[in-house]
Amino acid sequence: MEAPLDSAAEAGRPKVLVVEDDEALRRAVVTRLTAEGYEVAGAATADEARDGFDRLGPDLVIVDVRLPAG
């Protein structure tokens, strides 16, 4: 299950922030990356991603290139 932005930091595991407005796609990516051993958080909007970026401190951010504003 997709972790909240502020609870995704678990010591020792690479952290990934997935920014995707399509909920089904976001969940699929989060589920797959979690199964591969990454600590993953999802964000549905650019604002949500910006707000959570500093708190999460991700090692990698995967961003939808056609993400709507907001």
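The values are calculated or read from the model by the stated rules, or taken from the named source; none is laboratory data. Values in this document were obtained by computation on a predicted structure and should not be read as measured data. Cβ placement follows ideal geometry from the backbone for every residue including glycine, while neighbour counts extend to all protein chains displayed. What goes into the accessible areas is simple: the full protein's heavy atoms, side chains included, and nothing from ligands, DNA or RNA. Shrake-Rupley method; radii C 1.70, N 1.55, O 1.52, S 1.80 Å.
Quick notes on this structure:
- For region 23-70, a tally of residues being in a loop (DSSP other than H, G, I, E, B) and either aromatic (Phe, Trp, Tyr) or on the phi > 0 side of the Ramachandran plot (or both) returns 4.
- Considering region 27-59, the residues that are open to solvent by less than 20 Å² (accessible area, probe 1.4 Å) and closer than 20 Å to ALA69 by Cα include one that is modelled with the lowest pLDDT, namely GLY52.
- Count of region 4-22 residues, restricted to those that are at pLDDT 60 or above and either assigned to a strand (DSSP E or B) or under 26 Å from ALA69 (Cβ atoms) (or both), is 8.
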